[in-house]
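A.B. asks: Before anything else, here's the structure in question.
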Amino acid sequence: MNGKSFEFEPHVVPHVETKYRKICTPIPVPESKDVIERLRNNETISMTGQPLVVWDHAEGANVYDAYGNKWIDFSSGVMIANVGHANPEVQAAVRAVVDKPLMCSYLFPTEERAKAAERIVSVSPIPDSKCFMLSAGTEAVETAMKLARTYAHKKYGMDKNVLITFNGAFHGRTLGSQEMGGMPSLKEWIKHQDPEIILADFPNKYLFDWADPEAEGYSDDKMFEMSIIKCIEDAGFKPENVAGILTESYQGIYCCPIPVPYAKRLREFCDKYDIVLFMDEIQTGFCRTGKMFAFEHYGILPDMFTCAKGISGSLPISAVVGRRDILDLYAPNTMTSTHSGSPLAAAAANASIKYMVDHELDKEAERKGKFMQEKLEELQKKFPHRIGYVGGMGMARACTFTKGGYRCEGDPDFALAVTNKCIEKGLLFFAAVGAGITMKLVPPLIMPDDMLAEGMEVYAEAVAEADAEMQ
Ligand SMILES: Cc1ncc(COP(=O)(O)O)c(C=O)c1O
């Protein structure tokens, strides 16, 4: 639901009580109005875009309010709580640092930062990686842009400055990340957009015949040409001018994977012209898609990648990870941030990554993700006139609602109705993304099987009810 607030209009809804859900009040809860009003009076309107569930506490795969209600969480925050909310091992690690006490450290060395750096590097598939920690995902993207261009400038001069990114991409909300993003409406405020940041079409078969192996005239080479080569030529550049290519490891709006032949060509192209290939793993990283990092599905390695969200399962921490010769381009004190590797966040990241490795959450996400996809495909068969696309990887699934089905106009009203119904039934979602038409189903990876099955059942019920009511 981009661009709209959720309205505070409490509905009396049926009582729900199962092992995993409880709804015992009108929704939104009338008593929660005070909190919502205080926020709306003091915070920006931009912060009012999520359903009006006032979180009190969250544990495992449940979110609770203070009024007796309990939701199955299909949001994981926004793909933060991969290891579950308040994961006991993460909680204990954070508590130990609080109790020391060590609440900040700037860039002075700490044991916590050393452990987190080791841990992050230990899961990076890029040989001999280094990492650089920050707080927000968008900062990691900005830093990666800076590193890609710096690498190219130092080696080849300022004419190798072009950055390629993709239409439809999202990389964050600070200046550089928005310029690298592919959603025009988010960039309207930037009068002087960087003419050397250019946008290619993402190879999404849902949008383009040239990316659909079943379409007439399709070939792997043509797919790459229609995307990267066309974009460079249309902008009047040569491959030699390109410093870096940034892509999400799947395109976030639809959780749309990169076709393997395309990924391979992208890697070869970057090798040929010494272009830094950097991938945004901020959503996809840390087992969400069934591998530690989503690019591992494609059999290629980027030169560096950005991560955040699921890295800590809790506190704000992000990182750029990648080739040592690129990460080490800046001299002491010329690429830092006040909270880089802050002890609490570092301890949380260390514990969270250890937990996912010890518990093989990559395999869990792969297995449970298949079940989710089967259920979504069943739903699409039942409601082909409502659902245009279902897809994703691992436990990052997307369901796009349209007026009429495959490749039809999006239907934000229907997506909103389904979201509201889910909330009223005790199944928590964040607002639909893109033009408000795609619901992301992204539960904590530790969600028990029967809880996931219940969540998928409730989702199907919500779609069926919205369909019946909106004839
Ligand atoms: C793919 C991707 N990149 C970057 C970001 C920005 O991260 P942050 O909100 O932590 O700045 C997000 C956030 O949703 C994201 O999904």
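A.B. asks: Taking segment 300-316 as the search range and keeping residues that are within 16 Å of the ligand (Cβ to nearest atom) and assigned to a loop (DSSP other than H, G, I, E, B), which one is farthest from the chain's Cα centre (by Cα)? Before the answer, list the steps.
C.D. replies: To start, the set of residues in segment 300-316 that are within 16 Å of the ligand (Cβ to nearest atom) comprises 302, 304-316.
Those left that are additionally assigned to a loop (DSSP other than H, G, I, E, B): 302, 308, 312-316.
Values: 302: 18, 308: 9, 312: 14, 313: 13, 314: 15, 315: 16, 316: 14 Å.
Here the answer is 302.
A.B. asks: Scan segment 281-297 and tell me whether some residue there is more than 14 Å from the ligand (Cβ to nearest atom) and either in contact with a Cys (Cβ under 7 Å, 6 or more places away or on another chain) or part of a strand (DSSP E or B) (or both). Show your work before the answer.
C.D. replies: Of all residues in segment 281-297, those more than 14 Å from the ligand (Cβ to nearest atom) come to 287, 290-292, 296-297.
When the remaining residues are screened for being either in contact with a Cys (Cβ under 7 Å, 6 or more places away or on another chain) or part of a strand (DSSP E or B) (or both), the result is none.
No, every residue in segment 281-297 fails to be more than 14 Å from the ligand (Cβ to nearest atom) and either in contact with a Cys (Cβ under 7 Å, 6 or more places away or on another chain) or part of a strand (DSSP E or B) (or both).
A.B. asks: Please pick out the residue among 109, 88 that is away from the ligand (no atom under 16 Å from the Cβ) and under 28 Å from residue 16 (Cβ atoms). Can you show your working first?
C.D. replies: Numbers: 109 fails: under 28 Å from residue 16 (Cβ atoms).
Exactly one residue qualifies, and that residue is 88.
A.B. asks: Continuing with the same structure: For segment 400-411, state whether one or more residues are closer than 21 Å to residue 282 by Cα, touching a Cys at 6+ places or on another chain (Cβ under 7 Å) and either in contact (Cβ under 8 Å) with a residue 60 or more places away in the chain or outside the structural domain of residue 311 (by TED's automatic domain parsing) (or both).
C.D. replies: No, segment 400-411 has no match at all.
A.B. asks: Looking at segment 133-181, which of the residues that are free of Cβ contacts under 8 Å to residues at least 60 places away in the same chain and either among the acidic types (Asp, Glu) or not assigned by TED's automatic domain parsing to the domain that holds residue 224 (or both) is surrounded by the most Cβ atoms within 10 Å (Cβ to Cβ)?
C.D. replies: Here the answer is 142.
A.B. asks: Of everything in segment 123-150 that's of a type in the set (Val, Ile, Thr) and more than 13 Å from the ligand (Cβ to nearest atom), which residue is nearest to residue 324 (Cα to Cα)?
C.D. replies: So in segment 123-150, the residues of a type in the set (Val, Ile, Thr) come out as 123, 126, 138, 141, 143, 150.
Checking which are more than 13 Å from the ligand (Cβ to nearest atom) leaves us with 123, 126, 150.
Details: 123: 15, 126: 10, 150: 14 Å.
The extreme case among them is 126.
A.B. asks: Taking segment 163-176 as the region of interest, how many residues are more than 14 Å from the chain's Cα centre (by Cα) and within 9 Å of the ligand (Cβ to nearest atom)? Show your work before the answer.
C.D. replies: In the first step, residues of segment 163-176 are kept if they are more than 14 Å from the chain's Cα centre (by Cα); the result is 163-167, 174-176.
If we keep only those that are within 9 Å of the ligand (Cβ to nearest atom) too, we end up with 174.
The qualifying residues number 1.
A.B. asks: If you don't mind, another one. Quick one: how many residues across segment 61-80 are among the β-branched types (Val, Ile, Thr) and within 18 Å of the chain's Cα centre (by Cα)? Quick ask: steps written out before the conclusion?
C.D. replies: Of segment 61-80, the ones among the β-branched types (Val, Ile, Thr) are 63, 72, 78, 80.
Next, from what is left, pick out any that are within 18 Å of the chain's Cα centre (by Cα): 78, 80.
The number of residues fulfilling the criteria is 2.
A.B. asks: Using the structure shown, decide if residue 279 is closer than 30 Å to residue 93 by Cβ and surrounded by fewer than 24 Cβ atoms within 10 Å (Cβ to Cβ). Lay out the reasoning, then the answer.
C.D. replies: Working: closer than 30 Å to residue 93 by Cβ: yes; surrounded by fewer than 24 Cβ atoms within 10 Å (Cβ to Cβ): no.
Answer is no for this residue.
A.B. asks: Sticking with this structure for a sec: Yes or no: residue 262 within 25 Å of residue 178 (Cα to Cα), without any contact (Cβ under 8 Å) to a residue 60 or more places away in the chain, surrounded by fewer than 24 Cβ atoms within 10 Å (Cβ to Cβ) and not basic (Lys, Arg)? So that I can check it myself, show each step before the final result.
C.D. replies: Details: within 25 Å of residue 178 (Cα to Cα): yes; without any contact (Cβ under 8 Å) to a residue 60 or more places away in the chain: yes; surrounded by fewer than 24 Cβ atoms within 10 Å (Cβ to Cβ): yes; not basic (Lys, Arg): yes.
Judged against the criteria, residue 262 is a match.
A.B. asks: Quick one: what pairs do we get from segment 230-249, first residue more than 20 Å from residue 150 (Cβ to Cβ), second not in a helix (DSSP H, G or I), C-beta under 6 Å, 6+ apart or different chains?
C.D. replies: Close Cβ pairs (under 6 Å, with a partner that is not in a helix (DSSP H, G or I)) amount to 231/198; 231/200; 235/198; 248/169; 248/280; 249/279; 249/281; 249/284.
A.B. asks: In the same structural domain as residue 272 (by TED's automatic domain parsing), part of a loop (DSSP other than H, G, I, E, B) and at pLDDT below 95, is that true of residue 253? If you could, list the steps in order and put the result at the bottom.
C.D. replies: Details: in the same structural domain as residue 272 (by TED's automatic domain parsing): yes; part of a loop (DSSP other than H, G, I, E, B): yes; at pLDDT below 95: yes.
In short, yes.
The values are calculated or read from the model by the stated rules, or taken from the named source; none is laboratory data. Fair warning: this is a prediction, and the values are worked out from it, not measured in the lab. All Cβ positions, even for glycine, are placed from backbone atoms using ideal geometry, and neighbour counts span all protein chains on display.
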